[in-house]
Structures are given as C-alpha cells and as structure tokens.
1. Compute the label zone of A:Lys52 within the stretch A:59-84: residues whose backbone N is under 13 Å from the point 7 Å along Cα-to-Cβ.
2. Quick check: from the Cα gyration tensor, does the stretch B:1-82 come out rounded (a/c under 1.5), prolate or oblate?
3. Would you please name the GluC sites (Glu not before Pro) within the stretch A:4-110 that are DSSP coil residues with at most 12 other C-beta atoms within 10 Å of their C-beta?
4. Quick one: Cα centre-to-centre distance for the stretch B:1-53 and the stretch A:38-55, in angstrom?
5. Let me know the shape class of the stretch A:38-110, please: from the alpha-carbon gyration tensor, a ≥ b ≥ c as square roots of the eigenvalues, rounded when a/c is under 1.5, otherwise prolate if a/b is greater than b/c, or oblate.
6. Across chain B, how many lysine pairs, 8 or more apart or on two chains, come within less than 18 Å at their alpha-carbon atoms?
7. Please report the Cα spread of the stretch A:1-82 along all three principal axes, rounded to whole Å, starting with the longest.
8. Could you pull out the trypsin sites (Lys or Arg not before Pro) across the stretch B:1-108 that fall in loop regions by DSSP (anything but H, G, I, E, B) with no more than 16 other Cβ atoms inside 10 Å?
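Each value in this text was obtained by applying a stated rule to the coordinates, not by laboratory testing. As the structure is a prediction and not an experimental result, all values here were calculated from the model. Here Cβ is always computed from backbone atoms with ideal geometry, including for glycine, and neighbour counts include all displayed protein chains.
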Amino acid sequence: LAKTTQPISMDSYEGQEVNITCSHNNIATNDYITWYQQFPSQGPRFIIQGYKTKVTNEVASLFIPADRKSSTLSLPRVSLSDTAVYYCLVGDFNTDKLIFGTGTRLQVFP
Amino acid sequence: GAVVSQHPSWVICKSGTSVKIECRSLDFQATTMFWYRQFPKQSLMLMATSNEGSKATYEQGVEKDKFLINHASLTLSTLTVTSAHPEDSSFYICSAISGVRRNQGDTQYFGPGTRLTVL
C-alpha cells in the first residue's frame, strides 16, 4: 500500500502564510484530493478539495501539479486558532482504497 | 457543509461488554458511510465502508464479527463493538457521503467522533 506522506510538524507565527505538502505518488486516476483540519478529540473538518491545478475558497488554496503526485495546502495569514493537525485524503491507484496522509501538526505562535 | 452527528461522544465500559455507536447524517441522505479508528497521535485508519441496505465492506485486519456495522437507513449507520477489550479503546469516527463515488467529487463529511475506553 503506497504511503501518503506529510511533514510531521510545522511551526508558524500569526499572520504568516503556511504551505503544507502531501506526497501521493500513486494516486488513483479519477480521485480528488481532499484536505481536512482536525482539532484534538474532534472529527476532521473539510477544508478544500480539488482534482488538478489550483482551487481557492474562503479559507485556503490548494495547488496540484500536472502529475498529481503531490498537493500543497496553502493557508493565508494563519491565526492561533489554526493550530491543529492537517490531513490530506487521496485514493490509491493499486488498491482503490482511500488513504489519509500521515498528518501535519501545525503550531501557530503569537 | 453537511452535518454528521455521532452518539455517544464518549463511553466507558467494562471488558467483555458490547458498545453501540450511532452515526447520523442530519441534513442529507447518506448512501455511503465510513467508519474510522484513530489512536493517539496517529492518522485515521479506515475500518469499513457501509452502503445503505447492504452488508459492510471491511478493511483487511478488521474483524467483522467484532465490529458489527448496520446501515439500515439513508441517515443512520451503527457500529457495535462486541465483547470489547482494552485494546479496542480508541477514537471512532464516522463519515458520510451522499453518493457512492467516494472521493470523486462527493465530499466526505465527518462526525465529531466517539471516545471509547474499555476498562
């Protein structure tokens, strides 16, 4: 089963832009890439979803290169409340299983 | 976004007892629901996929006789942990989509999770 990997942790300061990358070099052809935010003892909360190129909504942007083997979640001007764990979710080409990334723990400092 | 609820939010039980966790889609009809388990500081692991009116599909390594899943209606799925043991203690999370085309445009919406502690 191919792994979907993310950096374990990232630190940032309030007001900065944060970019979190997910590596998924065996992504299923027809699957979207979805990103979630999770706070302790809560279920994941949907942030953004895309298939290719760039997607932007009111809270984030998602950049997907042409080969779709990775994706980057961009959070503009983070605040303390953005401190959480961020996960990507993709489908595996070989198994057709949905796989959560390893998760990135973002800590935002004042 | 769509709302998914879970009940209970936490439960403590004795070893050997059974525990039922409910997952409800509140404002949409969920053709497909998923059950995940998450251990501390780890990612979510898919346990099973359930489609309304049919048997659940379990992931490799998940005992279907231990984790009974029932998706009896388009808004309700239940997970029953039978004869629970301390190693079953975990955070159980459900999710739901309105279609069956998972991750192909149908967004998964997650419940708040249920913390199970088996003594």
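1. Once the point is set 7 Å along Cα→Cβ of A:Lys52, A:64-69 turn out to lie under 13 Å by backbone N, inside the stretch A:59-84.
2. Values: a/c = 1.43, a/b = 1.31, b/c = 1.09.
The shape class here is rounded.
3. On the way: sites: A:Glu14, A:Glu17, A:Glu58; in loops: A:Glu14, A:Glu17, A:Glu58.
Passing sites in the stretch A:4-110 are A:Glu17, A:Glu58.
4. The stretch B:1-53 and the stretch A:38-55 have Cα centres spaced 18 Å from each other.
5. Numbers: a/c = 2.35, a/b = 1.39, b/c = 1.69.
Judged from the Cα gyration tensor, the stretch A:38-110 comes out oblate (a/c at least 1.5, b/c at or above a/b).
6. Working: B:Lys14/B:Lys66; B:Lys20/B:Lys55; B:Lys20/B:Lys64; B:Lys20/B:Lys66; B:Lys55/B:Lys64; B:Lys55/B:Lys66.
Lysine pairs meeting both conditions in chain B amount to 6.
7. Result, largest extent first: 36, 27, 20 Å.
8. Numbers: sites: B:Lys14, B:Lys20, B:Arg24, B:Arg37, B:Lys41, B:Lys55, B:Lys64, B:Lys66, B:Arg101, B:Arg102; in loops: B:Lys14, B:Lys41, B:Lys55, B:Lys64, B:Lys66, B:Arg101.
Of the trypsin sites (Lys or Arg not before Pro), the ones in loops of the stretch B:1-108 whose Cβ has at most 16 other Cβ atoms within 10 Å are B:Lys14, B:Lys41, B:Lys55, B:Lys64, B:Lys66, B:Arg101.
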